[in-house]
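Some notes on the structure that comes next.
The values are calculated or read from the model by the stated rules, or taken from the named source; none is laboratory data. Everything numeric here is computed off the predicted structure, so don't read it as measured data. Every residue, glycine among them, receives a Cβ derived from its backbone with ideal geometry; neighbour counts consider all protein chains shown.
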Amino acid sequence: MFLNSKVALVTGTGRGIGRAIALALADEGARVALVARSEDALAETAALVEKRGGTALAVPADLTDPASATPVAERAVAGLGPVDVLINNAATVEPLGPVTGMDADAWTTAFRLNVITPAALAGALAPRMTKAGWGRIVNVSSGIVARPTTMIGGSAYAATKAALEAHTVNLAAELDGTGVTVNVYRPGSVDTEMQELIRREGEGRLDEATHQRFVRHHTEGTLITPEHSARALVHRLAGDATGRIWDVADPA
Ligand SMILES: NC(=O)c1ccc[n+]([C@@H]2O[C@H](COP(=O)([O-])OP(=O)(O)OC[C@H]3O[C@@H](n4cnc5c(N)ncnc54)[C@H](OP(=O)(O)O)[C@@H]3O)[C@@H](O)[C@H]2O)c1
């Protein structure tokens, strides 16, 4: 229970990896603020946290608007107290498709959700963490940054996650020595709705070999569970490492 008495804010907690991270943090004693758009999904996650003896607060918000960051942070602090742990997990894999004919508005939305709002949340919450002399910020990225050609037709997603990682390492240097660590987490290929969307929507939008590989990962059962990925992340929060690119496959 190394997070006893700590408060965490996790985005994208209505399902998938974010929900599993919220539960893993609650298992370590943290009180957890839950953020996503679907109030019903957040209520389900909150009920799961409470069933395990934890405390959760649902903060519904659409994070494609970076202006949501300050009110989200304030609602979490008002409901649970100063936030010690921020996990920026919510993201979109859209728009899928070739760059020829790209929808610039959809790219802008992806950058807002995947890069700008995570930075804005860190900006809103880091001052309290540095004042306390302890904090943990993690930005959930993707292995696509190391291997961009593994998802041909996923150029927007690759670009947002590369930008997120550059921001993360830069912010780690900015906060170095404050007690606040800032790290990237690449969660692996995880059996979630995002994978389902890629299998369903990717045909004809991703290149064929890419789409087939995503289908194969599912049929061959090589996807890992959200719980596996979440536990591998939460264990890492006990250490003081900062500016790292963590991958689920790497030894902790
Ligand atoms: N699954 C994988 O294999 C995989 C691989 C590499 C990286 N990742 C990364 O891991 C993270 C989690 O992925 P996942 O697979 O768990 O995704 P997911 O199943 O699609 O879940 C995404 C969560 O984010 C929320 N969300 C989406 N858009 C939002 C918005 N505009 N405002 C607020 N919340 C929003 C969703 O809830 P609402 O729709 O209700 O808002 C949901 O709770 C993402 O950063 C993803 O890029 C996943």
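Taking region 5-46 on its own, how many of its residues are more than 10 Å from the ligand (Cβ to nearest atom), assigned to a loop (DSSP other than H, G, I, E, B) and either at pLDDT 95 or above or crowded, with 24+ Cβ neighbours inside 10 Å (or both)?
4
For region 60-92, give me each residue that is within 16 Å of the ligand (Cβ to nearest atom), assigned to a loop (DSSP other than H, G, I, E, B) and surrounded by fewer than 23 Cβ atoms within 10 Å (Cβ to Cβ).
Pro60, Ala61, Asp62, Thr64, Asp65, Thr92 - these are the residues of region 60-92 that are within 16 Å of the ligand (Cβ to nearest atom), assigned to a loop (DSSP other than H, G, I, E, B) and surrounded by fewer than 23 Cβ atoms within 10 Å (Cβ to Cβ).
For region 152-170, enumerate the residues that are among the polar types (S, T, N, Q) and either within 12 Å of the ligand (Cβ to nearest atom) or crowded, with 19+ Cβ neighbours inside 10 Å (or both).
Selection gives Thr160, Thr168.
Could you give every pair whose Cβ atoms fall below 7 Å, whose first residue belongs to region 208-219 and is farther than 14 Å from Gly97 by Cα, and whose second residue is of a type outside the set (S, T, N, Q), counting only separations of at least 6 or pairs across chains?
Final answer for the pair search is Phe214/Ile198; Phe214/Arg199; Phe214/Gly202; Val215/Arg199; His217/Leu223; His218/Arg199.
Can you name every residue in region 177-212 that is assigned to a loop (DSSP other than H, G, I, E, B), at negative phi and within 16 Å of the ligand (Cβ to nearest atom)?
Listed by number, the residues that qualify are Pro187, Ser189, Asp191, Thr192, Gly202, Leu206.
Evaluate region 221-242: report whether one residue or more is over 25 Å from Asn139 (Cα atoms) and out of contact with any helix residue (DSSP H, G or I) (no Cβ under 9 Å at 6 or more places or on another chain).
Initial filter on region 221-242 (over 25 Å from Asn139 (Cα atoms)): 221.
In the following step, the residues that additionally are out of contact with any helix residue (DSSP H, G or I) (no Cβ under 9 Å at 6 or more places or on another chain) were identified as 221.
Scanning region 221-242, I find at least one residue that is over 25 Å from Asn139 (Cα atoms) and out of contact with any helix residue (DSSP H, G or I) (no Cβ under 9 Å at 6 or more places or on another chain), so the answer is yes.
Condition first: part of a loop (DSSP other than H, G, I, E, B), more than 16 Å from the ligand (Cβ to nearest atom), at negative phi and not charged (D, E, K, R). Can you find one or more residues in region 110-130 that meet it?
No: zero hits.
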